[in-house]
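Values in this text are rule-based calculations from the coordinates and carry no lab data. The structure presented is a predicted model; accordingly, all values stated were derived computationally and were not measured. A quick note on method: Cβ atoms are made from the backbone with ideal geometry, for glycine too, and the neighbour counts reach across all protein chains shown.
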Amino acid sequence: MNSFFLKVGEIFTEQGIIHDAFLQVSNGRIASINTPPVNDTKIIDLGERKLVPGFIDLHIHGSGGCDVMDASYASMNTISQTIATNGVTGFLGTTVTSTWEVTLAALKNINCCYNKGMTGAELLGGYSEGLFFSERFKGAHAAEFFLLPTRERLDAMLEAAKGSLKLLAIAPEIDGAIDAINYLTRKGIKVMIGHTGATYEQANQAFEAGAVGGVHIFNQMLGLHHRQPGTAGAILHNHDIIAELIADGVHVSPIIMDLVYRLKGADKTALITDCISASGLNDGNYDLGLLTVTVKNGIARTHTGALAGSTLTLDKAVANMINLVHIAPLDAVHMASLTPATLLGINEQVGSIKIGKRANFAVLDKEYNAVMTWVDGNITYQNDCYTHRTF
């Protein structure tokens, strides 16, 4: 269908929520909002559901039994299809620490998939989370494969990715980190600080060098202290810095979720899943890179008890911010859409519902569960139990 209208109970536009309204899609883009259809244009009635901008997961390692480190198109496409069921229309394939050879293979595969395209959520590029971290704050990373960020290694990663690498995480206190941040920033790579024991001063040095955000705030970083604000304090205190937030109520408590929101606001808080291959599957043992993690009651941990990513979905993260933190629904939605799109520099095309932008949507029920997902005006997911009228 080149042109059609959606009739919906709530439309979460960039400026506010419109009730009982129409939205027109033409050639894969948003053509009009709240303008009644004329003539015989096709209308899809979504009932009392909520039409929100498609979610963008900046930080996801796997889903549906597949991992980015599998370095295969089939695995990446399974991830793409699986997360589309949660309202995700775009994601960054995120690596985890492994051998140098496996890391380069994963980056090459991300580039291949990036150019070939996915059948579910769109692969927006790659995120290197691994290799250049502090052993003390390794979390679920295999510290024996940590390296120093030399120019030669960074160039090899950039060559493997061939323009598809968008974000790279690093601990600012390791040797060569500040030079690496400067270099990567000049190359157009957004640098995040994480898995780090950086002091407030070291973190700010990284920000001055060009780093733009913090990896899953409070997790595997030096936390707040009333005499040493630490890494977390630097991220919270600096108004220009993005904070990744895993809003599952496990990685950080709802009180901390509220604190992050109050200090950073919706425009500087990016909801992420940090999801692993176990997402959508039963409890059991799963691989995260070279590590085996155990999922019990939906919580993933290493054999030492450290949290190892999550099984969270972005629609659930949005619901948690609304139900546990009691923030405005539009803010919660934009934390999973417009904020990550802005970080990636693609907010003129995606991330919010605005005339002229791509028709990337999630349709949510009253509990904020995704029941339908659209990319460029095409349905990529529809819940089998969900029906709508077309006339």
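Key figures
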| quantity | calculated |
| --- | --- |
| Full-stretch length increase - Ala74, Ser3 - with 0.36 nm per residue and alpha-carbon distance subtracted | 22.3 nm |
| Label point distance in nm, Asn323-Gln15, each placed 7 Å from Cα along Cα→Cβ | 3.2 nm |
| Scattering profile of region 215-346 at q = 0.11, 0.21 Å⁻¹ [log10 I(q)/I(0), Debye over alpha-carbon scatterers] | -0.40, -1.23 |
| Evaluated over the chain, the Cα radius of gyration and Dmax, each in Å | 20.3, 68 |
| Among Ile181, Gly163, His195 the positive-end extreme of the charge dipole of region 163-206 (Cβ point charges) | Gly163 |
| Bridge type composition, the chain - antiparallel percent by DSSP, nearest 5 | 55 percent |
| Structure-based [θ]222 nm, the chain - -39500 (n - 2.57) summed over DSSP H runs of at least 4, per residue, nearest 500 | -8000 deg cm²/dmol |
| Karplus-derived 3J(HN,Hα), 6.51/-1.76/1.60, for each residue of region 79-96, Hz, glycine and proline x | 4, 4, 5, 5, 6, 4, 5, 10, x, 7, 10, x, 7, 9, x, 10, 7, 9 |
| Of Leu165, Leu184, Leu338, the one that fluctuates the most in a GNM where the chain has Cα springs shorter than 10 Å | Leu184 |
| Most mobile of Asn219, Asn360, Asn34 in a GNM of the chain (Cα contacts under 10 Å) | Asn34 |
| Percentage relative contact order, the chain, counting C-alpha pairs under 8 Å, at least six apart | 21 percent |
| Extended-chain gain in nm, criterion 0.36 nm per residue less alpha-carbon gap, Asn34 and Lys162 | 41.9 nm |
| Gap separating the Cα centres of region 30-57 and region 350-386, nearest whole Å | 10 Å |
| Residue among Ala209, Ala198, Ala362 with the largest mean-square fluctuation in a Gaussian network model of the chain, springs linking Cα atoms under 10 Å | Ala209 |
| Phi to ³J(HN,Hα) by Karplus 6.51 cos²θ - 1.76 cosθ + 1.60 over region 193-210, Hz, x for Gly, Pro | 9, x, 6, 9, x, 4, 6, 3, 5, 5, 5, 5, 4, 5, 5, 5, 7, x |
| Glu135-Asn115 FRET efficiency (beta carbon distance; Förster radius 51 Å; 0.05 resolution) | 0.90 |
| Computed label-point distance, nm, for sites Asn282 and Thr294 using a 7 Å Cα→Cβ extension | 1.7 nm |
| Net +/- balance of residues flanking Ala370 in space, Cβ distance below 15 Å, scoring K and R +1, D and E -1 | -2 |
| Nitroxide proxy distance, nm - points 7 Å out along Cα→Cβ at Asp179 and Lys42 | 5.8 nm |
| Cut-off 16 Å (backbone N to label point 7 Å along Cα→Cβ of Leu147), residues of region 90-105 | 95-105 |
